[in-house]
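Contents: one structure, followed by commentary.
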Amino acid sequence: MACACVKVALAKPKCSFSKEKIETLVPDKRKEKLTIKERALYCAKTGDKWDIYIHACEIGPKSNDDKEIVASCSQLSLFRNELIKAGIASELIDTYAIDSDVTTNSNKIQKEQTEQNLADNKLKIRPHFSLEKGLKRIRSIDTTKDPSMQDLADVMVMLCMRPAEVSSLQINHYEIDLSNPPAWYGNGYSWYCIGYAKNKGKYKDNPEPRPFVSMEKNSERARTLLIWIQEAIKAGKLIDPTFSENGKRNTRAFRKFLKPYKITPKILRKTGGKHACRVHGGPNATHQNLDLLNRRALRHKIVRYDAGKNYAICDTDSEDSDPESDHNSGSESETAKNDEISEIINMYSY
């Protein structure tokens, strides 16, 4: 209100200030909303440590709301990264751009959210599609013969596929130049998927590859089985689980096959994700490790805004676990930590 009154006074004939002069003398600060990058560049330009502190305080949480704390912690982390890129000394960043209380509270909130998500997403695996039975059937598949509906269902579980992805999913091996890796590249992954459903925006017609994780560790074998199923559908030797021969949407035949097992295509997909966690997670996997593996197996896009799920990312490319040994790991001699992991793994059993 005071700024408005000053502008009115300066605009009167007695003063006769031009519009440009008024804007210079009384700038409208409401129009200024700096981005995180612009804040960092401003701090680098001034070179004043207190500017870093003031901007960090402005980015920090404005209330004790859980979402506000988690979001502010993520923004502060981004602000520190931008300060590093702008050439600010790490000592200044560690002193004036880090709020340990916000980080601690954010991690606590995210851990609770992760544990709650795991508790809410318990899935009862149907005996016919258990990990042991599924792997046994997959390993005994003869690709020289025509696939059956059971083979189709097993491959869908193996690759965590939606019915609409059976004909479009592709598994590819990429040789990456580590000196200049693309944005979608993930450390430890050389096999990626494309052609998955649910693409939006700019990725709808040109989706970026996503890391390939499945209950079948041998990526070559998984790719062979997928191509085998797709070629059989093209040749009319196997029904498409989503479309009929005339191209109309029809899922009744595949659902009819699944009905005796009391399972749906959606549950098949989730089952495959849980199996992939057991195969790749290892005996000492954490909640966050299992959750991240599950999301990658389902080909979910992992972004920095998923802080509530993957705030503590562990090694997700362990190849040391064996499905059979994981299944029998619930002995009485386990430590308290392994008891906790066994409780997680029990949600995959039937």
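The values are calculated or read from the model by the stated rules, or taken from the named source; none is laboratory data. Keep in mind that this is a model prediction, so the values were computed, not measured. Quick reminder, even Gly has a Cβ in these numbers, built from the backbone with ideal geometry, and neighbours come from all protein chains shown. The protein model used for the area step is the full one, side chains on, heavy atoms only, and it has no ligands, DNA or RNA in it. Shrake-Rupley method; radii C 1.70, N 1.55, O 1.52, S 1.80 Å.
When the C-alpha to C-alpha distance is required to be over 22 Å, the pairs from LYS67/LYS111; LYS111/LYS301; LYS136/LYS301 that qualify are LYS136/LYS301. Taking 0.36 nm per residue of separation and subtracting the current Cα-Cα distance, fully stretching the chain between GLU68 and HIS173 would add 33.8 nm. Remark: the range 101-239 projects, on average over all directions, an area of 12.2 nm² (convex hull of Cα atoms). Note on the range 210-293: with charges restricted to the Cβ of Lys and Arg (+1) and Asp and Glu (-1), its dipole about the Cα centre is near 440 debye. Residue order by solvent-accessible surface for HIS300, HIS280 is HIS300, HIS280, largest first, with ligands and nucleic acids left out and a 1.4 Å probe. The Cβ shell under 14 Å around PRO61 holds other residues with a net charge of -3, Lys and Arg each +1, Asp and Glu each -1. In a reduced charge model with +1 at each Lys and Arg Cβ and -1 at each Asp and Glu Cβ, the range 121-204 shows a dipole moment near 560 debye about its Cα centre. Spin-label model, ARG252 to LYS19: label points 7 Å out along the Cα-to-beta-carbon direction sit 6.8 nm apart.
Taking the protein heavy atoms of the range 1-109 in the context of the full set of protein chains, the accessible area attributed to carbon and sulfur is 56 percent at 1.4 Å.
Specify whether the C-alpha gyration tensor of the range 35-115 places it in the rounded, prolate or oblate class, a ≥ b ≥ c being the square roots of the eigenvalues: rounded for a/c under 1.5, otherwise prolate if a/b is larger than b/c and oblate if not. Prolate shape, in that a/c is at least 1.5 and a/b is the bigger ratio.
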